[in-house]
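Here is the structure we will look at.
The values are calculated or read from the model by the stated rules, or taken from the named source; none is laboratory data. All of these numbers come straight from a predicted model, not from anything done at the bench. No Cβ is skipped: glycine too gets one built from the backbone with ideal geometry, and neighbour counts run over all protein chains shown.
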Amino acid sequence: MPVVLAVRDLTKTFKSGDRSLTVLDSVSFDLSEGDTFSIVGPSGSGKTTLLGLCAGLDGPTRGSVSLCGHNLGNMGEDERARVRNEHVGFVFQSFRLLPTLTALENVMVPAELRGRRGVSAQARNLLAEVGLEDRLGHYPSQLSGGEQQRVALARAFINEPDVLFADEPTGNLDTETGAHLEEIMFRLNRTAGTTLVLVTHDTELAGRTGRVLRLKGGRAVEDRADTLP
Amino acid sequence: MSIPFIASFAWRDSRGSRGRMLLFISSMVLGVAALVSINSFGDNLEAAIDNEARTLLGADLSFESDDPFPAHIEALIDSIGGNQSRRTSFSSMAFFPARDKARLATVRAHEPGYPFYGSVVTEPAAAAETYLDRGGALVDGTLMNQFQVETGDSVRIGRQTYPILGRIVETPRESAAVGLFSPRIYIPMAGLDTTLTALGSRVEYEVYFQFPDGRDADVLRDSLRSTLREADIGSDTVREEQEGWSRALTNLYRFLGLVGFMSLLLGGLGVASSIHVYVKQRIPTVAVLRVYGASIATTVAVYLLQAIGMGIVGVVLGSIVGIALQTIVPVVLSDFLPVNVDFAVSWPAVLLGSGIGLGVTVLFTLLPLLRVRSVSPLDALRTGIDHERPLWRDPWWWTATGTAAAGLVLFALIQAPDWKVGLGYSGGLAAVFLILAALGKLLVMVLARLTPASLPYVVRQGIANLYRPNNQTLMMIFSLGLGTFLISTLLVSQHVLLDQMDVLGGGDQPNLIMYDIQPDQVESVQGILSGEGVPIMSSVPIVTMRLHGINNETIDAMREDTTRRLSWAHRREYRSTFRSTLTGSETLVEGTFRGTWDGEGTIPVSAEADVASELGVDIGDRLTWNVQGVMLDTEITSLREVDWQRLQTNFFFVFPEASLEGAPAFHVVMTRAEDDVQSARLQTAVVQAFPNVSSIDLALVIGVFDAIFSRISFVVRFMALFSILTGLIVLASAVVVSRFQRMQESVLLKTLGASRRVVLRIMAVEYIVLGFVSALTGILLALVAGWSLSHFVFEAGFVVRWIPLSILLGTVMLLTLVIGMVNSRGVYERGTMEVLRSEL
Ligand SMILES: Nc1ncnc2c1ncn2[C@@H]1O[C@H](COP(=O)(O)OP(=O)(O)OP(=O)(O)O)[C@@H](O)[C@H]1O
Ligand SMILES: [Mg+2]
């Protein structure tokens, strides 16, 4: 299996005044196509920071990230954006749908950004897959939290990404709704071969992924690869 | 960058904000409307002047002189031929027997023929045709209104009484506004009381020519130029008259264009401040777009496109409103115009106004749009971390600001009559803005610091709300403050001037002047005054004269020398007096005042310092005077400064006692009437006995001043109205834009147990304080401006009448409160659910 995400010696230090704070300290790992991976750890341990660095949302202080063969360290902001557009899907803890767009339009955004046309059929299919085929014209304010997160998931898959990053995707949802969402994520992982990278507090969810990275104070304290259940 | 994406996303993203954007842009609409209407009107005006060029002069050629034409000029006029018509104009008292009152007026005695082109418009219309034959008079409408006389009453000029046949509405060569300063009376030349022109001062003799043979008046006039100049005769042709008007009116409407420009500028600032908040609210959207791979350029392009779309809507609306407004401008200005301006849409003006409007919109939205560039995809992961860099660190900010400033100056230069005015105007406006901003900021700071903790919570919270992020407090202080500043500067200077008039009319100062009194009439006039029991405050002889030469060089010789520029001081007619002492309004600055002359050698004279420097002469220089044909040699022995502010007989040149005894003189007598009634009675009595004597009382001067001031103040009020309106639009936009935030606050307060009344009161305090600070800022600046004006320009004492200013302050506060509360309605009631639902 080809490596889609290679993380080497990743370190992030924030400076405020003359004090510096290392929130991520020499983290390394490799992920292959179709892997499922979760990052766990206490609040403030650097999970979101790590996820952001992997997706190229931010640049590291030291170390390197290689995403689908692109070394993000050598790239400018806009180049990293292009790589994300081609290879990455993202799901946020607080959904982040665009409030002025309908569910269908929200799903189409990444494809349209790429200049693709006639994607509405594909977007409809994705919304049908997450069970929202009759809510296409609704605005985010007209959808419940769980429904919004399912729209966000459909949006994350529109460009058929190689990697899906999700920062506590079920954190704002009740257990049942969360479980339903997880179902959809893992199904897409299986059918499309998308690599999943999840940040979660939920040990049960973490238990379902093939590999778990535990962070504490910015250091990887445990990197456990289980066999799939 | 995917263009279809940018276009479709920009459109979709604006959904739900289009109403708000319309509100943002409406401040711009006003500015564009002003520019379009004024410039379009200007173009029509120019066309009207071209079309009606010949009616401006009413003839092909005219000559004019202060003295009757000498024999050789009469011969010349004869030889020119064509159709001719003469007119003689002078100022004289017009006495209305029906009201038993008299007033100074400009009398124009006409021969048949004039105007050869165009017409005198009267009410009834036939009067203009018949007054010459029927021996009647046409009287300026303003004068007839003032004395409440009607057609059919009569007016006496000199010893001649004329029936009033009609009121003057329009005449060639003059705009209706002339009637405000000096009302006109048209009478036939035949039957004119010639003692008036013989005894009175300042008579203008004119002859008008019409050339049915199509001769070129300009060529003809050029061939006569030197002959006319030697005889001190002025001349005018259609082309010259047209050029003169065109220049004056272009300046007028360009000046008005600057008014439009100012409102456009305010509109631009208003749009910028609204867009600033709008963009801040779009940051999460931009961050998500960046996560999904949109480039910086793409995200900036989305919002730039929205701004351009908004600008286009504004410009189209502005043009429509401007074209509608344009129908009003001629009505407002018609008093000042010599021609009738037809309504027509000038497309170049619409294009220019739209271009400038769109340019200003884009320039002003560019600044807040820069914020989009610095949005990081990380903002989608973390909310609340504000890593906004200081603006001045960003070279793009400087580029955008510089471009905006340069663009504005350029627009001002295009609009202004000349580049100096354009630069001065931009600079002045920038200074006022900076001062307003600084003052406003200071006031808010002082207010927040000094709010005593003992005040009720509602008040303290309301004041603290001024500091709410995205509140645009400063922008509102700008525009509301500027409007208040303009109005209060107007009020303050009006009060200073009126107060000055009061000083003039106060205590022991004279308030009635009678002049053109012949030497043999002086005693009788004084007798009439004494009979009424009023004091003779001064009685001064005046001799009219012209400067013939300076230090052995004649003025004519100086005129030949084209390298020398002669000023008004060389050419004017001087009215000098002779006496032995200085008066209270004069101070000696140099030399010795010589009050007597022994009749031998050159006469020692005293010159007023300013006119001396205008003539380029000093103590010891010799001046030769032409005193109605007799040459007098004089030497300047002293320089005086004169306080012209007093209603006094003041003179550029004072001769010593006995030096002008033989010269033909007339006298000026000053007195003080108890009241208007007595003043009118005195004037009537004197004009009945001596029709050649003219008089002016202070009330008349104040009336003229009021008339002028009200015209000027109309323009300033117009500007002020625009900026206050803009301020209110900015306020409405800011309230609407921060609506969600206000809902959150009100929900928070509600959950903490605040009642609806408390929440509403806090809001009310916020708007009242905002109105107060803005208006106060404007008023404070106006006080400074008013003081400077009174000190440096009017040279008068500074007075402030607080009541009108307080009313202004209250009005602005009330307007702010009303607009603020109206736009906040529903925040309390609908707030809760909307806040809870939107879990963003
Ligand atoms: N821009 C920043 N400047 C300074 N410190 C930061 C910045 N961003 C993050 N941090 C700090 O880095 C540490 C790690 O933050 P991060 O968001 O990665 O934690 P997390 O593991 O995702 O926590 P949580 O489970 O609460 O989301 C925290 O202590 C945070 O305060
Ligand atoms: Mg986190």
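For segment A:163-173, a residue qualifies if it is away from chain B (no Cβ under 12 Å), closer than 27 Å to A:Glu86 by Cβ and not hydroxyl-bearing (Ser, Thr, Tyr), and the qualifying residues are A:Val163, A:Leu164, A:Pro169. Is it the case that some residue within segment A:11-21 is assigned to a loop (DSSP other than H, G, I, E, B) and either away from ligand 1 (no atom under 13 Å from the Cβ) or modelled with pLDDT under 90 (or both)? Among the residues of segment A:11-21, at least one is assigned to a loop (DSSP other than H, G, I, E, B) and either away from ligand 1 (no atom under 13 Å from the Cβ) or modelled with pLDDT under 90 (or both), which makes the answer yes.
Within the bounds of segment B:323-345, is there any residue that is at pLDDT 85 or above and within 25 Å of the chain's Cα centre (by Cα)? I'd like the intermediate steps shown before the answer.
We begin by selecting, within segment B:323-345, every residue at pLDDT 85 or above; these are B:323-324.
The next check asks that each one be within 25 Å of the chain's Cα centre (by Cα); those that pass are B:323-324.
Yes: one or more hits.
Just give me the residues in segment A:39-81 being among the aliphatic types (A, V, I, L, M) and within 16 Å of ligand 1 (Cβ to nearest atom), in sequence order.
Taking segment A:39-81 as the starting set, the residues that turn out to be among the aliphatic types (A, V, I, L, M) are A:39-40, A:50-51, A:53, A:55, A:57, A:65, A:67, A:72, A:75, A:81.
Scanning segment A:39-81 gives A:Ile39, A:Val40, A:Leu50, A:Leu51, A:Leu53, A:Ala55, A:Leu57, A:Val65.
As a summary of the residue check, A:Ser32 satisfies the conditions (1) within 19 Å of the chain's Cα centre (by Cα); (2) surrounded by 16 or more Cβ atoms within 10 Å (Cβ to Cβ) except for the one numbered (2).
Return the total of residues in segment A:96-120 being charged (D, E, K, R) and assigned to a helix (DSSP H, G or I). Walk me through it before giving the result.
So in segment A:96-120, the residues charged (D, E, K, R) come out as A:96, A:105, A:112, A:114, A:116-117.
Those left that are additionally assigned to a helix (DSSP H, G or I): A:105, A:112.
Number satisfying all stated conditions: 2.
Inclusion of A:Gly52 among residues that are surrounded by fewer than 18 Cβ atoms within 10 Å (Cβ to Cβ), within 14 Å of another protein chain (Cβ to nearest Cβ) and within 16 Å of ligand 2 (Cβ to nearest atom) is not warranted. Cβ-Cβ distances below 6 Å connect the following pairs, each with a first residue in segment A:166-179 that is under 17 Å from A:Phe37 (Cα atoms), a second residue that is in a helix (DSSP H, G or I) and away from ligand 2 (no atom under 13 Å from the Cβ), and a separation of six or more residues or different chains: A:Thr170/A:Gly178; A:Thr170/A:Leu181. Taking the listed residues B:Ser85, B:Ser8, B:Ser62, the one that is among the polar types (S, T, N, Q), more than 30 Å from B:Leu408 (Cα to Cα) and within 14 Å of chain A (Cβ to nearest Cβ) is B:Ser8, with no other qualifying.
Looking at A:Arg150, is it surrounded by 17 or more Cβ atoms within 10 Å (Cβ to Cβ) and either more than 16 Å from ligand 2 (Cβ to nearest atom) or over 15 Å from the mean Cα position of the chain (by Cα) (or both)? I'd like the intermediate steps shown before the answer.
On the way: surrounded by 17 or more Cβ atoms within 10 Å (Cβ to Cβ): yes; either more than 16 Å from ligand 2 (Cβ to nearest atom) or over 15 Å from the mean Cα position of the chain (by Cα) (or both): yes.
Yes; evaluated as a whole, the condition is true for this residue.
Put simply, of A:Glu160, A:Glu176 the only residue that is within 14 Å of chain B (Cβ to nearest Cβ), of a type in the set (D, E, K, R) and exposed (fewer than 15 other Cβ atoms within 10 Å of the Cβ) is A:Glu160.
Exactly one residue out of B:Gly267, B:Gly234 is of a type outside the set (A, V, I, L, M, F, W, C) and within 24 Å of the chain's Cα centre (by Cα), and it is B:Gly267.
Applying the selection to segment A:8-29, what residues are in contact with a strand residue (DSSP E or B) (Cβ under 7 Å, 6 or more places away or on another chain), of a type in the set (Asp, Glu) and surrounded by fewer than 16 Cβ atoms within 10 Å (Cβ to Cβ)?
Step one: of segment A:8-29, the residues in contact with a strand residue (DSSP E or B) (Cβ under 7 Å, 6 or more places away or on another chain) are A:8-14, A:20-29.
Then drop every residue that is not of a type in the set (Asp, Glu), which leaves A:9, A:25.
Across segment A:8-29, the qualifying residue is only A:Asp9.
Beta carbons closer than 7 Å, at least 6 apart along the sequence or on distinct chains, pair a first residue in segment B:14-27 that is within 12 Å of chain A (Cβ to nearest Cβ) with a second that is part of a loop (DSSP other than H, G, I, E, B) for B:Arg15/A:Thr100; B:Gly16/A:Thr100. Which of the residues spanning segment B:148-168 are closer than 16 Å to B:Thr130 by Cβ and either surrounded by 16 or more Cβ atoms within 10 Å (Cβ to Cβ) or not assigned by TED's automatic domain parsing to the domain that holds B:Phe96 (or both)? Passing the criteria: B:Thr151, B:Tyr162, B:Ile164, B:Leu165, B:Gly166, B:Arg167, B:Ile168. Would you be able to say whether some residue in segment A:23-36 is within 16 Å of ligand 1 (Cβ to nearest atom), closer than 24 Å to A:Ala152 by Cα and either within 14 Å of chain B (Cβ to nearest Cβ) or not hydroxyl-bearing (Ser, Thr, Tyr) (or both)? No; the residues of segment A:23-36 include none that is within 16 Å of ligand 1 (Cβ to nearest atom), closer than 24 Å to A:Ala152 by Cα and either within 14 Å of chain B (Cβ to nearest Cβ) or not hydroxyl-bearing (Ser, Thr, Tyr) (or both). Answer yes or no: is there a residue in segment B:194-210 that is assigned to a loop (DSSP other than H, G, I, E, B) and among the hydrophobic types (A, V, I, L, M, F, W, C). Checking segment B:194-210: not a single residue is assigned to a loop (DSSP other than H, G, I, E, B) and among the hydrophobic types (A, V, I, L, M, F, W, C).
Is it the case, given these coordinates, that B:Ile555 is free of Cβ contacts under 8 Å to residues at least 40 places away in the same chain and among the hydrophobic types (A, V, I, L, M, F, W, C)?
Working: free of Cβ contacts under 8 Å to residues at least 40 places away in the same chain: yes; among the hydrophobic types (A, V, I, L, M, F, W, C): yes.
So B:Ile555 passes the test.
Residues that are over 16 Å from B:Leu639 (Cα atoms) and surrounded by fewer than 17 Cβ atoms within 10 Å (Cβ to Cβ) within segment B:572-595 comprise B:Arg572, B:Glu573, listed in sequence order.
Is it the case, given these coordinates, that A:Val40 is more than 14 Å from every other protein chain (Cβ to nearest Cβ) and within 13 Å of ligand 2 (Cβ to nearest atom)?
Numbers: more than 14 Å from every other protein chain (Cβ to nearest Cβ): yes; within 13 Å of ligand 2 (Cβ to nearest atom): yes.
Considered against the rule, which asks whether it is more than 14 Å from every other protein chain (Cβ to nearest Cβ) and within 13 Å of ligand 2 (Cβ to nearest atom), A:Val40 comes out as yes.
Residues considered: B:Gly527, B:Gly531, B:Gly549. Of these, the only one that is in contact with a Lys or Arg (Cβ under 9 Å, 6 or more places away or on another chain) and small (Gly, Ala, Ser) is B:Gly549.
Within the set B:Gly118, B:Gly158, B:Gly166, B:Gly113, the sole residue that is under 30 Å from B:Leu249 (Cα atoms) and touching a Leu at 6+ places or on another chain (Cβ under 6 Å) turns out to be B:Gly166.
If a residue must be part of a helix (DSSP H, G or I), over 16 Å from A:His180 (Cα atoms) and within 12 Å of chain B (Cβ to nearest Cβ), how many such residues does segment A:121-156 contain?
So the count comes out to 5.
Checked against (1) assigned to a helix (DSSP H, G or I); (2) not assigned by TED's automatic domain parsing to the domain that holds B:Leu358, B:Leu266 passes all but a single condition, namely (2). Residues in segment A:94-115 include at least one that is out of contact with any helix residue (DSSP H, G or I) (no Cβ under 7 Å at 6 or more places or on another chain), within 17 Å of B:Arg290 (Cα to Cα) and of a type in the set (S, T, N, Q).
Taking strands (runs of 3 or more DSSP E) that do not extend beyond segment A:24-95, which have at least 2 residues that are modelled with pLDDT of 90 or more, closer than 19 Å to A:Pro161 by Cα and of a type outside the set (A, V, I, L, M, F, W, C)?
Working: elements: A:36-40, A:62-67, A:88-91.
Strands (runs of 3 or more DSSP E) meeting the threshold: A:36-40.
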